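Structure, as C-alpha coordinates:
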Amino acid sequence: MDAKHILYLLRKSPYSSSNAVEALDSALVAGVFEQNVSVLFKDDGVWQLLDGQRGAAIERRTVGNVMQALPQYDIEQLFACEVSLNERGLQLEDLALTVKPLSLEEQRKLITRQDAVVND
Amino acid sequence: MATLHLVNSQTALQSCLDVAADDDSVLLIEDGVYGATTDVARALLVLAPDVEARGLKDRIPSTAESIDYDQFVALVETHKPIVTWC
Amino acid sequence: MKFAISVHGAPFSSSAAHSAYRFAEATLDAGHKIARVFFYHDAVRTGDSLSVAPQEENTVIDRWAELSEKHEFELAVCIAASLKRGVINDEARDRYEKPAANLHPAFTIVGLGQLIDAIAGADRFISFGA
(Lines give C-alpha, C1' and ligand atoms only; values in the text may rest on other atoms or scores of the structure.)
Protein backbone atom coordinates (compact mmCIF):
# COMPACT_ATOMS: atom_id res chain seq x y z
CA MET A 1 0.00 0.00 0.00
CA ASP A 2 1.40 3.39 -0.98
CA ALA A 3 2.13 5.94 1.68
CA LYS A 4 -0.36 8.80 1.61
CA HIS A 5 0.15 12.43 2.49
CA ILE A 6 -1.99 12.88 5.57
CA LEU A 7 -2.37 16.21 7.33
CA TYR A 8 -3.65 16.43 10.88
CA LEU A 9 -5.43 19.77 11.22
CA LEU A 10 -5.63 20.36 14.96
CA ARG A 11 -7.80 23.29 16.00
CA LYS A 12 -9.08 22.35 19.45
CA SER A 13 -7.71 23.58 22.77
CA PRO A 14 -5.96 20.82 24.73
CA TYR A 15 -8.34 20.28 27.66
CA SER A 16 -11.83 21.23 26.39
CA SER A 17 -12.48 17.58 25.50
CA SER A 18 -10.52 14.39 24.83
CA ASN A 19 -10.41 15.21 21.12
CA ALA A 20 -6.97 16.84 21.20
CA VAL A 21 -5.26 13.86 22.81
CA GLU A 22 -7.20 11.37 20.67
CA ALA A 23 -6.27 13.21 17.47
CA LEU A 24 -2.60 13.20 18.49
CA ASP A 25 -2.84 9.45 19.19
CA SER A 26 -4.21 9.03 15.68
CA ALA A 27 -1.31 11.04 14.21
CA LEU A 28 1.19 8.85 16.10
CA VAL A 29 -0.40 5.70 14.67
CA ALA A 30 -0.25 7.21 11.17
CA GLY A 31 3.47 7.69 11.83
CA VAL A 32 3.84 4.04 12.86
CA PHE A 33 2.09 3.08 9.60
CA GLU A 34 4.77 5.03 7.73
CA GLN A 35 2.48 7.54 6.11
CA ASN A 36 3.75 11.00 5.12
CA VAL A 37 2.28 12.77 8.10
CA SER A 38 2.15 16.53 8.67
CA VAL A 39 0.56 18.28 11.62
CA LEU A 40 -0.81 21.83 11.54
CA PHE A 41 -1.80 23.48 14.82
CA LYS A 42 -4.32 26.23 14.13
CA ASP A 43 -6.84 28.43 15.97
CA ASP A 44 -7.18 27.25 19.62
CA GLY A 45 -5.13 24.18 18.63
CA VAL A 46 -1.97 26.25 19.10
CA TRP A 47 -2.62 26.17 22.87
CA GLN A 48 -1.66 22.49 22.70
CA LEU A 49 1.89 23.67 22.01
CA LEU A 50 2.31 25.81 25.12
CA ASP A 51 5.13 24.71 27.41
CA GLY A 52 4.53 24.08 31.13
CA GLN A 53 1.27 22.07 30.94
CA ARG A 54 0.51 19.68 33.81
CA GLY A 55 -2.62 17.65 33.06
CA ALA A 56 -2.28 15.86 36.41
CA ALA A 57 -3.66 19.00 38.06
CA ILE A 58 -7.07 18.07 36.59
CA GLU A 59 -6.44 14.32 36.37
CA ARG A 60 -5.85 14.29 32.63
CA ARG A 61 -3.04 13.21 30.36
CA THR A 62 -0.72 16.12 29.63
CA VAL A 63 -1.41 17.00 26.00
CA GLY A 64 1.97 18.71 25.70
CA ASN A 65 3.70 15.41 26.52
CA VAL A 66 1.70 13.39 23.97
CA MET A 67 2.54 16.03 21.39
CA GLN A 68 6.25 15.83 22.18
CA ALA A 69 6.18 12.18 21.06
CA LEU A 70 5.48 13.22 17.45
CA PRO A 71 9.15 13.58 16.40
CA GLN A 72 9.91 10.19 17.99
CA TYR A 73 7.41 8.65 15.56
CA ASP A 74 9.22 10.24 12.62
CA ILE A 75 6.61 12.97 12.29
CA GLU A 76 8.77 15.96 11.56
CA GLN A 77 6.49 18.11 9.41
CA LEU A 78 5.18 20.16 12.33
CA PHE A 79 3.54 23.50 11.64
CA ALA A 80 1.58 26.19 13.43
CA CYS A 81 -0.60 28.93 11.98
CA GLU A 82 1.34 32.17 12.34
CA VAL A 83 -1.86 34.22 12.66
CA SER A 84 -3.26 31.97 15.43
CA LEU A 85 0.03 32.24 17.39
CA ASN A 86 0.12 36.04 17.04
CA GLU A 87 -3.53 36.47 18.00
CA ARG A 88 -2.85 34.60 21.25
CA GLY A 89 0.43 36.35 22.04
CA LEU A 90 2.42 33.12 21.68
CA GLN A 91 6.10 33.29 20.73
CA LEU A 92 8.04 30.28 19.43
CA GLU A 93 10.09 30.20 22.66
CA ASP A 94 6.85 29.68 24.64
CA LEU A 95 6.26 26.36 22.91
CA ALA A 96 7.17 22.83 24.04
CA LEU A 97 7.71 21.62 20.47
CA THR A 98 9.69 23.01 17.58
CA VAL A 99 7.19 23.97 14.90
CA LYS A 100 7.48 26.01 11.75
CA PRO A 101 5.09 28.98 11.67
CA LEU A 102 3.17 29.14 8.39
CA SER A 103 1.43 32.08 6.75
CA LEU A 104 -2.11 31.60 5.43
CA GLU A 105 -0.72 31.25 1.91
CA GLU A 106 1.73 28.56 3.06
CA GLN A 107 -1.11 26.71 4.81
CA ARG A 108 -3.12 26.81 1.59
CA LYS A 109 -0.21 25.18 -0.24
CA LEU A 110 0.27 22.60 2.52
CA ILE A 111 -3.39 21.54 2.27
CA THR A 112 -3.20 21.27 -1.53
CA ARG A 113 -0.39 18.70 -1.25
CA GLN A 114 -2.48 16.28 0.88
CA ASP A 115 -4.34 13.10 0.01
CA ALA A 116 -6.30 13.27 3.24
CA VAL A 117 -6.87 15.77 6.03
CA VAL A 118 -7.87 14.51 9.48
CA ASN A 119 -9.45 16.98 11.89
CA ASP A 120 -9.76 16.76 15.67
CA MET B 1 -6.90 18.90 -7.80
CA ALA B 2 -8.91 21.54 -5.94
CA THR B 3 -9.80 21.09 -2.27
CA LEU B 4 -13.33 20.64 -0.94
CA HIS B 5 -13.90 22.43 2.36
CA LEU B 6 -16.72 21.06 4.48
CA VAL B 7 -17.84 23.57 7.10
CA ASN B 8 -20.28 22.47 9.79
CA SER B 9 -20.27 25.42 12.16
CA GLN B 10 -20.58 29.13 11.64
CA THR B 11 -17.57 29.89 13.85
CA ALA B 12 -15.28 27.69 11.73
CA LEU B 13 -16.19 29.45 8.48
CA GLN B 14 -13.66 32.28 8.80
CA SER B 15 -10.76 29.89 9.46
CA CYS B 16 -11.75 27.99 6.35
CA LEU B 17 -12.11 31.08 4.17
CA ASP B 18 -8.67 32.31 5.34
CA VAL B 19 -6.96 29.37 3.64
CA ALA B 20 -9.39 28.35 0.87
CA ALA B 21 -8.01 28.92 -2.62
CA ASP B 22 -10.15 30.69 -5.22
CA ASP B 23 -10.78 27.49 -7.17
CA ASP B 24 -11.58 25.41 -4.05
CA SER B 25 -15.20 24.60 -3.22
CA VAL B 26 -16.70 25.50 0.15
CA LEU B 27 -19.73 23.45 1.21
CA LEU B 28 -21.70 24.45 4.30
CA ILE B 29 -23.50 21.62 6.11
CA GLU B 30 -25.37 21.25 9.41
CA ASP B 31 -25.09 24.51 11.45
CA GLY B 32 -22.53 25.73 8.93
CA VAL B 33 -25.46 26.75 6.68
CA TYR B 34 -26.15 29.71 8.98
CA GLY B 35 -22.90 31.10 7.60
CA ALA B 36 -24.58 31.67 4.23
CA THR B 37 -27.16 34.04 5.74
CA THR B 38 -24.55 36.79 6.09
CA ASP B 39 -22.54 38.38 3.29
CA VAL B 40 -19.58 36.28 2.26
CA ALA B 41 -17.32 37.51 -0.53
CA ARG B 42 -16.96 34.17 -2.31
CA ALA B 43 -19.02 31.41 -3.89
CA LEU B 44 -20.53 29.02 -1.34
CA LEU B 45 -22.47 25.78 -1.59
CA VAL B 46 -25.09 24.77 0.97
CA LEU B 47 -26.57 21.34 1.69
CA ALA B 48 -30.31 21.55 0.92
CA PRO B 49 -31.75 19.30 3.69
CA ASP B 50 -29.79 21.25 6.35
CA VAL B 51 -31.10 24.56 4.96
CA GLU B 52 -34.68 23.28 4.82
CA ALA B 53 -34.59 21.80 8.34
CA ARG B 54 -33.57 25.17 9.77
CA GLY B 55 -36.20 27.20 7.89
CA LEU B 56 -33.52 29.11 6.01
CA LYS B 57 -34.71 28.55 2.42
CA ASP B 58 -35.68 32.21 1.89
CA ARG B 59 -32.71 33.57 3.81
CA ILE B 60 -29.94 32.07 1.74
CA PRO B 61 -28.87 34.47 -1.03
CA SER B 62 -29.13 33.20 -4.60
CA THR B 63 -25.33 33.42 -4.86
CA ALA B 64 -25.10 30.33 -2.63
CA GLU B 65 -25.83 27.18 -4.61
CA SER B 66 -28.04 24.63 -2.89
CA ILE B 67 -27.08 20.99 -3.49
CA ASP B 68 -28.35 17.54 -2.45
CA TYR B 69 -26.37 14.51 -1.21
CA ASP B 70 -25.90 13.12 -4.75
CA GLN B 71 -24.26 16.39 -5.79
CA PHE B 72 -22.22 16.32 -2.56
CA VAL B 73 -20.82 12.92 -3.61
CA ALA B 74 -20.07 14.28 -7.10
CA LEU B 75 -18.07 17.12 -5.49
CA VAL B 76 -16.04 14.64 -3.47
CA GLU B 77 -15.25 12.75 -6.68
CA THR B 78 -13.77 15.86 -8.27
CA HIS B 79 -11.92 17.30 -5.25
CA LYS B 80 -9.01 16.16 -3.09
CA PRO B 81 -8.35 16.51 -0.20
CA ILE B 82 -11.59 17.10 1.70
CA VAL B 83 -11.04 19.32 4.74
CA THR B 84 -13.56 19.37 7.57
CA TRP B 85 -13.93 22.53 9.64
CA CYS B 86 -16.01 22.23 12.79
CA MET C 1 -13.87 5.03 -6.27
CA LYS C 2 -13.17 3.79 -2.78
CA PHE C 3 -14.15 6.01 0.15
CA ALA C 4 -12.97 6.04 3.76
CA ILE C 5 -15.31 7.86 6.14
CA SER C 6 -14.73 8.89 9.72
CA VAL C 7 -17.38 10.18 12.09
CA HIS C 8 -16.47 12.29 15.12
CA GLY C 9 -19.67 13.59 16.69
CA ALA C 10 -22.04 11.77 19.06
CA PRO C 11 -25.66 11.21 18.06
CA PHE C 12 -28.01 13.80 19.64
CA SER C 13 -25.21 16.25 20.48
CA SER C 14 -24.16 16.51 16.85
CA SER C 15 -25.50 15.69 13.38
CA ALA C 16 -22.32 13.90 12.33
CA ALA C 17 -23.66 10.33 12.34
CA HIS C 18 -26.76 11.38 10.42
CA SER C 19 -24.92 13.45 7.80
CA ALA C 20 -22.36 10.67 7.38
CA TYR C 21 -25.14 8.12 6.89
CA ARG C 22 -26.85 10.17 4.19
CA PHE C 23 -23.48 10.71 2.52
CA ALA C 24 -22.59 7.01 2.69
CA GLU C 25 -25.94 6.06 1.16
CA ALA C 26 -25.48 8.53 -1.71
CA THR C 27 -21.91 7.29 -2.23
CA LEU C 28 -23.10 3.71 -2.67
CA ASP C 29 -26.01 4.82 -4.92
CA ALA C 30 -23.41 6.47 -7.17
CA GLY C 31 -21.66 3.12 -7.52
CA HIS C 32 -18.69 3.77 -5.22
CA LYS C 33 -17.33 1.46 -2.54
CA ILE C 34 -16.83 2.25 1.14
CA ALA C 35 -13.61 0.87 2.63
CA ARG C 36 -14.64 1.42 6.22
CA VAL C 37 -16.64 3.81 8.38
CA PHE C 38 -14.58 4.67 11.44
CA PHE C 39 -16.31 6.07 14.51
CA TYR C 40 -13.94 8.07 16.69
CA HIS C 41 -14.12 10.51 19.61
CA ASP C 42 -17.72 10.87 20.90
CA ALA C 43 -19.05 9.22 17.70
CA VAL C 44 -18.36 5.81 19.27
CA ARG C 45 -21.73 6.34 20.98
CA THR C 46 -23.33 5.65 17.60
CA GLY C 47 -22.62 1.95 18.25
CA ASP C 48 -24.59 1.89 21.53
CA SER C 49 -27.38 -0.64 20.95
CA LEU C 50 -29.25 0.45 24.11
CA SER C 51 -30.29 3.85 22.78
CA VAL C 52 -34.04 4.31 22.30
CA ALA C 53 -34.84 7.09 19.84
CA PRO C 54 -37.90 9.34 20.26
CA GLN C 55 -40.73 8.58 17.81
CA GLU C 56 -40.12 11.28 15.23
CA GLU C 57 -36.42 10.61 15.10
CA ASN C 58 -35.09 7.55 13.38
CA THR C 59 -32.42 5.59 15.18
CA VAL C 60 -29.53 5.94 12.82
CA ILE C 61 -27.88 2.78 14.21
CA ASP C 62 -30.32 0.37 12.54
CA ARG C 63 -29.96 2.14 9.20
CA TRP C 64 -26.17 1.97 9.48
CA ALA C 65 -26.46 -1.74 10.26
CA GLU C 66 -28.67 -2.40 7.21
CA LEU C 67 -26.45 -0.39 4.89
CA SER C 68 -23.24 -2.07 6.03
CA GLU C 69 -24.76 -5.52 5.70
CA LYS C 70 -26.13 -4.84 2.23
CA HIS C 71 -22.94 -3.29 0.90
CA GLU C 72 -20.46 -5.27 2.98
CA PHE C 73 -18.39 -2.57 4.61
CA GLU C 74 -17.16 -2.39 8.19
CA LEU C 75 -18.65 -0.17 10.89
CA ALA C 76 -15.58 0.26 13.05
CA VAL C 77 -15.57 1.70 16.55
CA CYS C 78 -12.22 2.82 17.97
CA ILE C 79 -11.34 0.70 20.98
CA ALA C 80 -9.53 3.36 23.02
CA ALA C 81 -12.27 5.93 22.45
CA SER C 82 -15.14 3.50 23.11
CA LEU C 83 -13.90 1.79 26.28
CA LYS C 84 -13.67 5.02 28.22
CA ARG C 85 -17.10 6.12 26.96
CA GLY C 86 -18.76 2.86 27.95
CA VAL C 87 -19.48 1.37 24.54
CA ILE C 88 -18.16 -2.18 24.95
CA ASN C 89 -18.48 -5.62 23.43
CA ASP C 90 -18.82 -8.98 25.23
CA GLU C 91 -15.09 -9.49 25.37
CA ALA C 92 -14.48 -6.13 27.08
CA ARG C 93 -17.39 -6.76 29.44
CA ASP C 94 -15.74 -9.98 30.63
CA ARG C 95 -12.24 -8.58 30.70
CA TYR C 96 -13.12 -5.46 32.71
CA GLU C 97 -15.88 -7.19 34.72
CA LYS C 98 -18.62 -4.78 33.67
CA PRO C 99 -22.35 -5.53 34.22
CA ALA C 100 -23.30 -5.44 30.51
CA ALA C 101 -22.10 -5.15 26.94
CA ASN C 102 -23.89 -2.69 24.65
CA LEU C 103 -22.08 -2.63 21.31
CA HIS C 104 -24.48 -3.24 18.42
CA PRO C 105 -23.64 -6.54 16.66
CA ALA C 106 -23.19 -4.76 13.31
CA PHE C 107 -20.25 -2.79 14.76
CA THR C 108 -16.69 -4.01 15.24
CA ILE C 109 -14.16 -2.81 17.81
CA VAL C 110 -10.84 -1.96 16.15
CA GLY C 111 -7.63 -0.05 16.81
CA LEU C 112 -6.62 3.30 15.32
CA GLY C 113 -4.47 1.45 12.79
CA GLN C 114 -7.69 0.52 10.98
CA LEU C 115 -8.42 4.22 10.38
CA ILE C 116 -4.99 4.70 8.85
CA ASP C 117 -5.38 1.48 6.84
CA ALA C 118 -8.71 2.75 5.46
CA ILE C 119 -7.25 6.16 4.55
CA ALA C 120 -4.20 4.56 2.93
CA GLY C 121 -6.35 2.25 0.84
CA ALA C 122 -9.01 4.74 -0.24
CA ASP C 123 -9.24 7.24 -3.09
CA ARG C 124 -10.99 9.75 -0.85
CA PHE C 125 -11.16 10.37 2.88
CA ILE C 126 -13.95 12.44 4.39
CA SER C 127 -14.68 13.14 8.01
CA PHE C 128 -17.88 14.30 9.68
CA GLY C 129 -16.91 16.34 12.71
CA ALA C 130 -18.68 17.24 15.90
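Summed for both chains, how many Å² of accessible area, to the nearest 100, are buried between B and A with a 1.4 Å probe? Counting both chains, the buried surface is close to 1300 Å².
Interface between chains B and C: roughly 1500 Å² of accessible area buried, both sides summed (probe 1.4 Å, protein heavy atoms only). Which entries of A:Lys100/B:Lys80; B:Lys80/C:Lys33; A:Lys109/C:Lys33; B:Lys80/C:Lys2 show an alpha-carbon separation above 20 angstrom in the structure shown? From the list (A:Lys100/B:Lys80; B:Lys80/C:Lys33; A:Lys109/C:Lys33; B:Lys80/C:Lys2), the Cα-Cα distance tops 20 Å for A:Lys100/B:Lys80; A:Lys109/C:Lys33.
Kindly report the accessible area of the stretch A:5-119 per residue (heavy atoms of protein chains, probe 1.4 Å, no ligands, DNA or RNA), in Å².
Normalised by residue count, the accessible surface of the stretch A:5-119 is 45 Å².
Antiparallel beta bridges, as assigned by DSSP with both residues in the protein assembly as shown, represent about 5 percent of the total such bridges.
Annotation: the stretch C:42-130 has a Kirkwood hydrodynamic radius of 14.2 angstrom, from the mean reciprocal C-alpha pair distance.
Charge dipole of the stretch C:2-128 (Cα centre as origin; +1 on each Lys and Arg Cβ, -1 on each Asp and Glu Cβ, all else neutral): 340 debye, rounded to the nearest 20.
Here each label is just a point 7 Å from Cα along the line to Cβ, and for A:Leu92 and C:Leu50 those points are 5.2 nm apart. Surface composition of chain B: carbon plus sulfur atoms hold 45% of the accessible area, using a 1.4 angstrom probe and ignoring ligands, DNA and RNA. When C and A come together, around 1500 square angstrom of accessible surface is lost from both chains combined, probe 1.4 Å.
Would you be so kind as to list the residues of the stretch C:101-124 that have their accessible area lowered by at least 40 Å² in the full protein complex compared with their chain by itself (1.4 Å probe)? At a threshold of 40 Å² (probe 1.4 Å), the residues of the stretch C:101-124 that become less exposed are C:Leu112, C:Ile116, C:Ile119, C:Ala120, C:Arg124. Distance between the pseudo-spin-label points of C:Lys84 and A:Tyr73 (7 Å out from Cα toward the beta carbon): 1.4 nm. Simple point charges give the picture: +1 on the Cβ of Lys and Arg, -1 on the Cβ of Asp and Glu, and for the stretch B:4-85 a dipole about the Cα centre of about 140 debye. Between the residues C:Thr59, C:Thr108, C:Phe128, the greatest Cα displacement towards the positive end of the dipole of the stretch C:2-128, with unit charges on the Cβ of Lys, Arg, Asp and Glu, is found for C:Phe128. Counted over the stretch A:5-119, the DSSP beta bridges are approximately 5% antiparallel. Would any residue of the stretch C:54-80 have its amide N under 20 Å from a label point 7 Å out along Cα→Cβ of C:Ala101? List them or say none. Of the residues in the stretch C:54-80, C:61-62, C:65-66, C:69, C:74-80 have backbone N under 20 Å from the label point off C:Ala101.
Which whole number gives the average count of other chain Cβ atoms within 10 Å of the Cβ atoms across peptide C:17-26?
Taking all residues of C:17-26 together, the mean is 4.
Each peptide in B:78-86, B:51-59 was scored by the mean count of other Cβ atoms within 10 Å over its residues; highest first, the order is B:78-86, B:51-59.
Note on the stretch A:5-119: Kirkwood radius taken over Cα pairs, Stokes-Einstein applied at 25 °C and 0.890 mPa s, translational D equal to 175 µm² s⁻¹. Across the stretch B:4-85, Cα pairs under 8 Å and at least six residues apart give a relative contact order of 36 percent. Accessible surface area normalised per residue over the stretch C:1-59 is 43 Å², counting heavy atoms of protein chains with a 1.4 Å rolling probe.
The values are calculated or read from the model by the stated rules, or taken from the named source; none is laboratory data. What you are looking at is a predicted structure, and each value in this text was computed from that prediction instead of being measured. Heads up, the Cβs are rebuilt from the backbone with ideal geometry, glycines too, and the neighbour counts pull from every protein chain shown. Accessible surface areas use protein heavy atoms only, side chains included; no ligands, DNA or RNA. Shrake-Rupley method; radii C 1.70, N 1.55, O 1.52, S 1.80 Å.
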